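Worksheet: the structure to be examined is printed underneath.
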Amino acid sequence: MRVMVKIKRFNPGRDREPYWAEYEVDVEPVDRVLDALEYVKWHLDGTLAFRRSCAHGICGSDAMLINGRNRLACKVLVKELGARITVEPLRGFPVIKDLVVDMEGFFAKYRAIKPYLIHDEPPPETEWRQSPEERARFDDTTKCILCAACTTSCPSFWANGAYIGPAAIVNAHRFIFDSRDRGAAERLAVLNTGLGVWRCRTIFNCVEACPRGIDVTRAIAEVKRALLFSSL
Amino acid sequence: MTTVHRYDAVIVGAGGAGLRAALEVARVTPRIAVVSKLYPIRSHTGTAQGGIGAALGNMEEDHWEWHMFDTVKGSDYLADQDAVEIMCQEAIACVYELEHWGLPFDRTPEGKIAQRRFGGHTRNFGEAPVRRACHAADRTGHMILQTLYQQCIKHEVTFFNEFHVVDLLLEDNVCRGVVALSLADGELHVFHAKAVLFATGGFGRMYKVTSNARSLTGDGVAIALRRGIPLEDMEFFQFHPTGIYKLGILISEAARGEGGILRNRQGERFMERYAPTLLDLAPRDIISRCMYTEIREGRGIDGKDYLHLDLTHLGREVIEKKLPDVTDFVRTYLGIDPIREPIPVQPTAHYAMGGIPTDVRGRVIRDEKNTPVLGFYAAGECACVSVHGANRLGTNSLVDILVFGKLAGRDMAEYLRGADFAPLPKDADGPAREECERLLTSNGSESVARLRETLQREMMDKASVFRTQEGLEAMLTTLKELKDRYRRVRIQDKGKIFNMDLQEALELGYLLDLAEVTVVSALARRESRGAHYREDFPKRDDAEWLKHTLAYRLDGEFELRYKPVVITRFQPLERKY
């Protein structure tokens, strides 16, 4: 099938303003949007830039705004989108070039919530024991691939870029509710601010955006509850 | 102006091996940099699915000696047994260490790390499958990569993200650093270092159908070759039996570990005819060959070049709980529900057993006498210790990156105590600058994408699961043509900022070099062993070929030398499953 791929282009070394470029691409219905972008790159316009690596939704490189929604380009099939495909960079991050955005700020927020197991007692010779139920408690948030689809879909983040954002909260949740972890208080202190978890207005865009199917708003609500009721 | 950085140690690659080594070096010095062409958690370790093998014995009796036997037998007796022994012993401590760092393994009812069956892993030296693969659903690699990166954050390791290493500074057998291209602004950076570790991963992108990420173009391996390091056992490239048809996306062996069955067009469980004991859990080289045989004999589905992986008898609970990501891939990319329908699969290029030769301390060696290169290390898929020999067992790549990442990091840390900065070569970034300039200014007419497509299609056709002298010789001719055309390649993007065009051109150069070594090594080895199957020499020939290949490229010409296999506990036997 023939589709029109419309891409928001911007090369700060050359362009004053971002602009739209359109490309006609022949694709199979089962091709991914990534395949269409690669077709453009390899056969129509070699100057196009985007990130990609694993091409099956695990590495988290190719989150972008596709027909108005944050998706991974490798996880959306062309047939879902019809004959017109619009692709833009994630919102709220500085654009390096075309679909490539600067994610340093995003990773700084991830680092801020201390995303590592905090447990200073000497470990046993074998494993820390954890029951299947305890393990299940934080399973959903272990799936995060840090693609930033959630954070950059969030109107609270668009309104104030200093908001720590859903991805960082999801990763805090992953440790706060891990029975082996002893760092909940440190993390909750980071999140218990106006730019932390309270900035979330439960708009649910993040849930819709997450390519891993994480119930992001629920995780955020659980962190809020932990703060309100010290339920840990 | 080229920026020059100075670090005691530079680690190239931020997958499992690189990060594990970095954590070890970070114990002795804060002056360590991890340089990666990707963001850290984008590396391909994250896509490993089924599990990591270690004889914890949590579900049933198990011993590292059994793991060692399986690995040696799986390797078709080409693995060095001293190295395999270390790996299988150390695997246990490495898994517990990951758990202590927070890795969320699945749990047994008693709260221990859960384990499952995997191809080629058996109890009591081959009797029956054993539960050895420690898992976190089918996301084990994702969890390993995240856990290691998290520890790097905790220990404040310095990262240079999206810095593509394009040269190794090596003179008089002493490593002095690397040269990297910063993708964000197109500038070259020199990293002056006392020691360098390559953990740059594999090069499956030389084949058309592959499970490998776009980034797996063998950069480090090719750079080592260009700098005079021989490459070991490059003829051995693993095809994983169950890639999603046409796409190559991996369906974990865990699917068969949980009870999945391969079937041909008649619905027959054909592995019963080939491997009566282990059936669908025979090692990958064997199953991939059996699948091609079925297809060649007309028993592919609808007579086409694929077969079925049948999970329908496992039930929703097992499929969705134990294989959630795999289920998601099948639903997303095929529109098929594996609970009700079988999955179309074909072998997919998956793993390079060969690579940069190292000893068990991760030191790169330069000849058949195991002479180390001072200050140069390699670990993970880019390296060849050799623990995988002619065919790697499932789960052992994760074991390899952890054990030898750790041991290489430990040796580097020790080396740093006594070593000083060797002076940089004159015009350290000159060759890299020249190569980039040549590509940026070339007015040729060849396209990177078209050359790469030809390379991938031809390699798939002539140098994959079945090989013949005729096919390999034809491939060598094709490669000479492709390399000639590569000199006339023209890229469209002439800019500095995030120039993917330049990056892909450099990567194609690496792939062409590595394809050539693969074919030259495969042509010379006139026997069949593990993943290297010669239709014209279908038998294993221990008298002549129980030895490792070392391929040198000197002034553009290849020279093949050989070194003996280390055999300690297990004498070579005929390999039956």
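No value in this document is a laboratory result; all are computed from the given coordinates. Keep in mind it's a predicted model, so treat the numbers as computed, not measured. A quick note on method: Cβ atoms are made from the backbone with ideal geometry, for glycine too, and the neighbour counts reach across all protein chains shown.
Building the convex hull from the alpha-carbon atoms of chain B and averaging its projection over directions returns 24.2 nm².
Of all the C-alpha pairs in the stretch A:2-101, what % are more than 20 Å from each other?
Working: 1481 of 4950 pairs.
Roughly 30 percent, rounded to a whole number.
The Stokes-Einstein estimate for the stretch B:243-349, based on a Kirkwood radius over Cα pairs and taken at 25 °C with 0.890 mPa s viscosity, is a diffusion coefficient of 179 µm²/s. By DSSP, the beta bridges lying fully in the protein assembly as shown are antiparallel in about 70 percent of cases.
Cα centroids of the stretch B:158-213 and the stretch A:146-172: 32 Å apart. Averaged over residues, the count of other Cβ atoms within 10 Å places the peptides B:316-324, B:277-285 in the sequence B:277-285, B:316-324, highest first.
In the stretch B:430-547, how does Rg compare with the Kirkwood Rh, expressed as the Rg/Rh ratio over alpha carbon atoms?
Values: Rg = 17.4 Å, Rh = 15.8 Å.
In the stretch B:430-547, Rg relative to Rh is 1.10.
Amide hydrogen proximity for residue B:113: with H placed 1.01 Å from N in the peptide plane, the residues at 5 or more positions away or on another chain lying under 5 Å are B:108. So how far, in whole Å, is the C-alpha centre of the stretch B:60-105 from the one of the stretch B:221-249? Taking the Cα centre of the stretch B:221-249 as reference, the centre of the stretch B:60-105 is 22 Å away. Isolated cysteines in chain A, defined as those with no second cysteine Cβ under 4.7 Å, comprise A:74, A:144, A:147, A:154, A:200, A:210.
Straight-line reach from residue B:321: taking Cα to Cα under 15 Å and skipping same-chain neighbours fewer than 8 places apart, the aspartates and glutamates in range are A:133, A:139, A:140, B:106, B:138, B:258, B:337. Diffusion coefficient (Stokes-Einstein, Kirkwood radius over C-alpha pairs, 10 °C, 1.306 mPa s) for the protein assembly as shown: 60 µm²/s, rounded to a whole number. Counting only DSSP H runs of at least 4 residues, each contributing -39500 (n - 2.57), and dividing by the residue count of chain B, the helix-based mean residue ellipticity at 222 nm comes to -10500 deg cm²/dmol. Between the residues A:193, A:126, A:229, the greatest Cα displacement towards the positive end of the dipole of the stretch A:104-229, with unit charges on the Cβ of Lys, Arg, Asp and Glu, is found for A:193. Give the residues of the stretch B:204-230 whose amide nitrogen is closer than 16 Å to a point set 7 Å from the Cα of residue B:453 in the direction of its Cβ. Under cut-off, by backbone N: B:207-209.
Give me the net charge of residue A:112's neighbourhood, meaning all other residues with Cβ under 15 Å from the Cβ of residue A:112; Lys, Arg count +1, Asp, Glu -1. Present the calculation step by step, with values, prior to reporting the outcome.
Values: positive: A:109, A:111, A:114, A:174, A:187, A:199, B:154; negative: A:104, A:186, B:156.
Taking every Cβ under 15 Å from that of residue A:112, the sum is +4.
For the cross-link pairs B:369/B:480; B:112/B:154; A:41/A:109; B:37/B:494; A:75/A:143; A:224/B:322, the ones whose C-alpha atoms lie over 24 Å apart are B:369/B:480; B:112/B:154; A:41/A:109; A:224/B:322.
For a quick check of your reading of the filter: which chymotrypsin sites (Phe, Trp or Tyr not before Pro) in the stretch B:66-132 sit in a DSSP loop and have no more than 16 other Cβ atoms within 10 Å? Mind dumping the intermediate values first?
On the way: sites: B:66, B:69, B:77, B:96, B:101, B:105, B:118, B:125; in loops: B:77, B:101, B:105, B:125.
Qualifying residues, ordered by number: B:125.
Suppose the chain between residue B:414 and residue B:569 were pulled fully straight at 0.36 nm per residue; how much longer would it get relative to their current alpha carbon spacing? Working shown, then result.
On the way: separation 155, 0.36 × 155 = 55.80 nm, distance 2.99 nm.
Value of the extension gain: 52.8 nm.
Across chain B, the mean sequence separation of Cα contacts (distance under 8 Å, 6 or more residues apart), normalised by length, yields a relative contact order of 21 percent. Over the stretch B:36-92, the pair-distance histogram of Cα-Cα distances with 10 Å bins from zero comes to 21, 37, 29, 13, 0 percent, rounded to whole numbers.
The loop-placed trypsin sites (Lys or Arg not before Pro) in the stretch A:141-232, going by DSSP, that have at most 14 neighbouring Cβ atoms within 10 Å of their Cβ come out as A:182, A:201.
Give me the one-decimal nm value for the distance between modelled label points at residue B:153 and residue B:29, 7 Å along each residue's Cα-to-Cβ direction. Placing both labels 7 Å along Cα→Cβ, they lie 2.7 nm apart.
Treating each Cα of the stretch A:104-229 as an identical point scatterer and summing with the Debye formula, the log10 of I(q)/I(0) at q = 0.10, 0.11, 0.14, 0.19 Å⁻¹ comes to -0.30, -0.36, -0.57, -1.02. Close amide H partners of residue B:165, meaning residues 5 or more places away or on another chain with modelled amide H under 5 Å apart, are B:37, B:181.
Backbone phi angles across the stretch B:568-577, fed through the Karplus curve with coefficients 6.51, -1.76 and 1.60 (θ = phi - 60°), yield HN-Hα couplings of 10, 9, 10, 6, x, 10, 5, 9, 10, 10 Hz in residue order; Gly and Pro are listed as x.
Loop-located GluC sites (Glu not before Pro) in the stretch B:1-90 (DSSP state other than H, G, I, E, B) with a sparse environment of at most 12 neighbouring Cβ atoms within 10 Å: B:60, B:61.
Here the stretch B:540-556 and the stretch B:476-502 have alpha carbon centers that stand 30 Å from each other.
May I ask you to derive the FRET efficiency for residue B:296 and residue B:473 from their Cβ-Cβ distance with R0 = 22 Å, giving the value to the nearest 0.05?
Working: r = 22 Å, r/R0 = 0.98.
Given R0 = 22 Å and the Cβ-Cβ separation, E is 0.55.
For residue B:73, the lysines whose Cα comes closer than 22 Å to its Cα, not counting residues fewer than 8 places off in the same chain, are B:539, B:547, B:563, B:576.
For chain B, list the DSSP H helices whose alpha carbon atoms reach 27 Å or more along the long axis and whose average Kyte-Doolittle value is -0.5 or above? Length and hydropathy pass: B:81-100, B:396-418, B:500-524. Each Cα pair under 8 Å and six or more residues apart adds its sequence gap; the mean of these over the residue count of chain A is a relative contact order of 18 percent.
In sequence order, the stretch B:373-383 has phi-based couplings of 8, 5, x, 10, 10, 8, 8, x, 4, 5, 9 Hz under the Karplus curve 6.51 cos²θ - 1.76 cosθ + 1.60, θ = phi - 60°, and Gly or Pro positions carry x.
Rounded to the nearest 5, what is the percent of antiparallel bridges among the DSSP beta bridges in chain B?
Values: 50 of 77 bridges.
So the antiparallel bridges in chain B amount to around 65 percent.
Per residue, how much space in cubic angstrom lies within the convex hull of the C-alpha atoms of chain A? Before the final figure, lay out the partial values.
On the way: hull volume 33.4 nm³, N = 232.
It comes to 144 Å³ per residue, whole-number rounded.
Translational diffusion coefficient of the stretch B:8-64 (Stokes-Einstein, Kirkwood radius from Cα pairs, 37 °C, 0.692 mPa s): 244 µm²/s.
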